[in-house]
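Scroll down for the structure; my scribbles are underneath it.
The values are calculated or read from the model by the stated rules, or taken from the named source; none is laboratory data. The structure presented is a predicted model; accordingly, all values stated were derived computationally and were not measured. Glycine gets a Cβ as well: all are built from the backbone with ideal geometry, and neighbour counts include every protein chain shown.
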Amino acid sequence: MKFKIGIIGSGQMGTGISHVCALAGYETKIYDVIDIQLKNSIETTKNNLMRQVKKGIIKEEQIDEVLNRIKIVNTMDALSDVKIVIEAASEKEDIKIDVFKRLDKILPADSILATNTSSISITKIASTTMRPEKVIGMHFMNPVPVMKLVEIIRGLATDEATFSFVVDLAKDLGKEVSVSKDYPGFIANRILIPMINEAIFAYYEGIGTVEDIDKTMMLGANHPMGPLTLADFIGLDTVLYVLEVLYNNFRDPKFRPCPLLIKMVEAGYLGKKSGKGFYNYKK
């Protein structure tokens, strides 16, 4: 019998995670402080399932089955019967720590607390709970229904049973697993975000246009999308936040955020989600 899964956050990542969990047969409860975002999340999932039908990935009759497994809940207390919660709230340390402290009081002692953070210390988050051995990083890639990888990050206190459980869950969701030690940026963002930052520097210094920088990396390095397009897709505020985590932890100037990136975030040019970043999406 499959256990229940809780999701915190119904943005891009939380929506994608709930999609793959429900598709794999798990009853999935999703919580967010913003009600309208929860409704939008269900609509997004429905549209993405229809897209999977058109591609022949799933059958049309599966759509209602999957949607019926996703339950919107309006309080965090409603997650008290889940085996694991996957937190996908904003990439802000104080927000995540507050969520974990609250979940720690609500969930049974044997339930697992996973975070989808892409850069924040798992060990630090775990230390704010009474169950640090049950806290782990489960970093899904965006878009979750499409991308095959889940990066698993063990905190210093994460026990073997929690690690094995989460690896098995990721595989049951149809994902491949990579394992990273708990250092800033883990594997994916330790490599990816500085590359994006360097692309922004290249544009800032006038080496090439946005289009030519992206084209060069797509056609010259066989990347599926250019680094500036990817930055827009991730969210420039998130790119900046991860760079600041890397810079503040390592104190290495190679992680210094490009001044243009800082100015764009200050202006509210956050990429696709705000309608404008390196490209204009309002058209």
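Exactly one residue out of 193, 152, 200 is buried (at least 17 other Cβ atoms within 10 Å of the Cβ), within 17 Å of the chain's Cα centre (by Cα) and part of a helix (DSSP H, G or I), and it is 193. Residues in segment 213-228 that are part of a loop (DSSP other than H, G, I, E, B) and over 23 Å from the mean Cα position of the chain (by Cα): 221, 222. Of all residues being assigned to a helix (DSSP H, G or I) and not hydrophobic (A, V, I, L, M, F, W, C) in segment 102-124, which is farthest from the chain's Cα centre (by Cα)? Just the residue, please. Ranking the qualifying residues of segment 102-124, first place goes to 105. Residues in segment 253-283 that are among the charged types (D, E, K, R), loosely packed, with under 14 Cβ neighbours inside 10 Å and in the same structural domain as residue 210 (by TED's automatic domain parsing): 254, 263, 266. Of all residues in segment 200-214, none satisfies being under 17 Å from residue 139 (Cβ atoms) and either among the polar types (S, T, N, Q) or at pLDDT 95 or above (or both). For the criterion of being surrounded by 13 or more Cβ atoms within 10 Å (Cβ to Cβ), part of a loop (DSSP other than H, G, I, E, B) and touching a strand residue (DSSP E or B) at 6+ places or on another chain (Cβ under 8 Å), residue 182 passes.
Filtered by the rule that a residue be touching a strand residue (DSSP E or B) at 6+ places or on another chain (Cβ under 9 Å), farther than 16 Å from residue 26 by Cα and touching a residue at least 60 places away in the same chain (Cβ under 8 Å), segment 55-94 gives 76, 87, 88, 89. The set of residues in segment 62-88 that are modelled with pLDDT of 95 or more and either over 17 Å from residue 7 (Cα atoms) or part of a loop (DSSP other than H, G, I, E, B) (or both) comprises 62, 63, 64, 65, 75, 80, 81, 82, 83, 88. Selection over segment 205-231 of residues that are among the aliphatic types (A, V, I, L, M), surrounded by fewer than 16 Cβ atoms within 10 Å (Cβ to Cβ) and within 21 Å of residue 272 (Cα to Cα) gives a count of 2.
For every residue, the table says whether it meets (1) modelled with pLDDT of 95 or more; (2) surrounded by fewer than 18 Cβ atoms within 10 Å (Cβ to Cβ); (3) not in a helix (DSSP H, G or I).
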residue: 6; (1), (2), (3): yes, no, yes
residue: 10; (1), (2), (3): yes, no, yes
residue: 18; (1), (2), (3): yes, no, no
residue: 21; (1), (2), (3): yes, no, no
residue: 25; (1), (2), (3): yes, yes, yes
residue: 30; (1), (2), (3): yes, no, yes
residue: 33; (1), (2), (3): no, yes, yes
residue: 43; (1), (2), (3): yes, yes, no
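Residue 99 satisfies every condition listed in (1) more than 20 Å from residue 12 (Cβ to Cβ); (2) in a helix (DSSP H, G or I); (3) among the hydrophobic types (A, V, I, L, M, F, W, C) except (1). The residues on offer are 161, 188, and the sole one that is surrounded by fewer than 22 Cβ atoms within 10 Å (Cβ to Cβ), small (Gly, Ala, Ser) and within 18 Å of residue 91 (Cα to Cα) is 188. Of the residues that make up segment 232-252, is at least one loosely packed, with under 13 Cβ neighbours inside 10 Å, outside the structural domain of residue 150 (by TED's automatic domain parsing) and within 26 Å of residue 178 (Cα to Cα)? The answer is yes; a qualifying residue exists. Can you confirm whether residue 163 is in a helix (DSSP H, G or I), at pLDDT below 95 and of a type outside the set (Asp, Glu)? When the stated conditions are applied, residue 163 does not pass them.
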